[in-house]
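What follows is a single structure, written as structure tokens, with notes after it.
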Amino acid sequence: MRSHLLNDTNAERYRRTVTEGVERVAAKIAATDRPFTGITADALAPRIESIDLDRPLGDTTAVLDELEEVYLRDAVYFHHPRYLAHLNCPVVIPAVLGEAVLSAVNSSLDTWDQSAGGTLIERKLVDWTTARIGLGPAADGVFTSGGSQSNLQALLLAREEAKTDSLEKLRIFASEVSHFSVKKSAQLLGLGQDAVITIPVDHDKRMRTVALARELERCAQDGLVPMAVVATAGTTDFGSIDPLPEIAELCEQYGTWMHVDAAYGCGLLASVKYRDRIDGIEHADSVTVDYHKSFFQPVSSSAVLVKDAATLRHATYHAEYLNPRRMVQERIPNQVDKSLQTTRRFDALKLWMTLRTMGADGIGQLFDEVCDLAVRGWELLAADPRYDVVVEPSLSTLVFRYIPAAVTDPAEIDRANLYARKALFASGDAVVAGTKVSGRHYLKFTLLNPETTVDDMAAVLDLIAGHAEQYLGESVVRAS
Ligand SMILES: *Cc1c(COP(=O)(O)O)cnc(C)c1O
């Protein structure tokens, strides 16, 4: 069994095993003709159920053959140009190489004595990101598992910085289309049920700053404490960007922590053409970035950045066995002092390999391409009488709804759109997402693949219309 350990004697076995796996995946990626097979959970479950985990197969080839059956054959492939659903990107090869290196070496980034150079590389990438944001010389941050964790940590710091004698008095302001992790974080942070004040959005799904100003004022007059404003730079549903400079001014005026959730919009930090769309982000006290969304990095790769490094002390605890207080005096760089996690992956290496191979412009150009593609898609939808399209894209998202000329009942149109999405998923021809706008069911393209073409979008719109029409045809038959 020791032959399975990755060590000096088994280096050759490691090479052979991983190469065999990489070859399988490469062949699979090359041969995928659809983003999904359309398999159902009910059909797949018995295959996985039937496997006896206490009877190992022993040999790599057999295990990979089995993996083909239980996973690879029916996985959802984000690299396929007709995967248009969620905020998942195709990944860049240098980052995948980084992933292979970091899991083989298996550094843990909590302390210097478990990572050495890994810690310094992470710190350099944090500095690189804060410089791109423009957070100033006192900025710092740390890699996290994802945007939800970054938002939680940012709001923890904001809570600790707020001046109050009671958690019940704290209020967080976020737009009605902000990410649900804001509410979840408020709950986890022990704030009251009413802690998150929802601010309405304008026609373009951007926070209405007039409404924000009114709510901040009301909060002050009620003797409550405005703990944080969460501005979203790239909403999950629409890609809309809240007016950051105006929000920054209001935060300044009311002494409120400004958090920018740029989980999606962070790709603009590398953009060659559209960086100005997130101007104002430099005023933030904290920023969430998800490199695994718009930097084409494999999951996980995310960070929380802060304007004032000293605020990270709210996440600092010392343990004799790990990071005793004296290490701070000895200037030993322990990232655990800034993190909610302890044992932590060296995810930063993926971004490092990416920047060292392609440069920031390389990533930014890819993101610009999907933003441009979204504009083409918007034009396509706006010109198509079969569809109603919501908001012009600020990033790479399109939200639309099939509207048959002959049907006026909005509930029936809802059902046709829901049916079309399901039927498309079951066919595996393409994958799209869905959401609700003003109480009605809509469909969504999240474009993060520069390989997707206008023809792909047009073809998927035809497929959706076909499924919706089939549903409506059958529903006429049902009714008669
Ligand atoms: C995706 C997303 C998050 C959550 O990020 P995870 O990495 O999925 O945890 C937070 N905010 C916004 C705006 C997002 O789009």
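Okay, here's what the table says:
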read-out: Selected residue (criterion: nearest to VAL225 (Cα to Cα)) from residues of the stretch 148-177 that are more than 16 Å from the ligand (Cβ to nearest atom) and aliphatic (A, V, I, L, M); value: LEU170
read-out: Where SER107 falls short, out of the listed (1) buried (at least 19 other Cβ atoms within 10 Å of the Cβ); (2) under 23 Å from the mean Cα position of the chain (by Cα); (3) not aromatic (Phe, Trp, Tyr); value: (2)
read-out: Residue in the stretch 141-158 that is at pLDDT 95 or above and either more than 22 Å from THR316 (Cα to Cα) or exposed (fewer than 15 other Cβ atoms within 10 Å of the Cβ) (or both) present; value: no
read-out: Within the stretch 190-208, tally of residues that are aliphatic (A, V, I, L, M) and either more than 16 Å from the ligand (Cβ to nearest atom) or in contact with a His (Cβ under 6 Å, 6 or more places away or on another chain) (or both); value: 3
read-out: Filter pass, VAL230 being under 21 Å from the mean Cα position of the chain (by Cα), within 16 Å of the ligand (Cβ to nearest atom), under 30 Å from LYS293 (Cα atoms) and of a type in the set (A, V, I, L, M); value: yes
read-out: Scan of the stretch 174-194 for residues that are farther than 17 Å from LYS436 by Cβ, out of contact with any Lys or Arg (no Cβ under 6 Å at 6 or more places or on another chain) and not in a helix (DSSP H, G or I), ordered by number; value: ALA174, GLY190, LEU191, GLY192, GLN193, ASP194
read-out: Members of the stretch 1-22 that are among the polar types (S, T, N, Q) and in contact (Cβ under 8 Å) with a residue 12 or more places away in the chain; value: THR17
read-out: Only one of THR452, THR435 that is among the hydroxyl-bearing types (Ser, Thr, Tyr), at pLDDT 95 or above and touching a Pro at 6+ places or on another chain (Cβ under 6 Å); value: THR452
read-out: Evaluation of ARG344 against (1) out of contact with any Pro (no Cβ under 7 Å at 6 or more places or on another chain); (2) within 16 Å of the ligand (Cβ to nearest atom); (3) more than 19 Å from LEU268 (Cβ to Cβ); (4) part of a helix (DSSP H, G or I) (one fails), failing number; value: (4)
read-out: Some residue of the stretch 340-349 being among the aromatic types (Phe, Trp, Tyr), modelled with pLDDT of 95 or more and under 23 Å from GLY117 (Cα atoms); value: yes
read-out: Unique match (being away from the ligand (no atom under 16 Å from the Cβ) and either polar (S, T, N, Q) or within 19 Å of SER240 (Cα to Cα) (or both)) among ASP276, ASP285, ASP290, ASP308; value: ASP276
read-out: Test for HIS259: is it assigned by TED's automatic domain parsing to the domain that holds LEU191, closer than 22 Å to ARG132 by Cβ, more than 11 Å from the ligand (Cβ to nearest atom) and not β-branched (Val, Ile, Thr); value: no
read-out: Residue in the stretch 38-47 that is touching a helix residue (DSSP H, G or I) at 6+ places or on another chain (Cβ under 6 Å) and under 29 Å from THR435 (Cα atoms) present; value: yes
read-out: Set ALA211, ALA195, ALA228: member being closer than 13 Å to ALA174 by Cβ and free of Cβ contacts under 8 Å to residues at least 24 places away in the same chain; value: ALA211
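Quick grid of which residues meet (1) of a type outside the set (A, V, I, L, M); (2) out of contact with any Leu (no Cβ under 6 Å at 6 or more places or on another chain); (3) within 15 Å of the ligand (Cβ to nearest atom):
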position: HIS179; (1), (2), (3): yes, yes, yes
position: VAL210; (1), (2), (3): no, yes, no
position: GLN221; (1), (2), (3): yes, yes, no
position: LEU244; (1), (2), (3): no, yes, yes
position: GLU252; (1), (2), (3): yes, yes, no
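The values are calculated or read from the model by the stated rules, or taken from the named source; none is laboratory data. None of these values were measured; they are calculated from a predicted model. Reconstructed Cβ throughout: ideal geometry from the backbone, glycine too, with neighbour counts over all protein chains shown.
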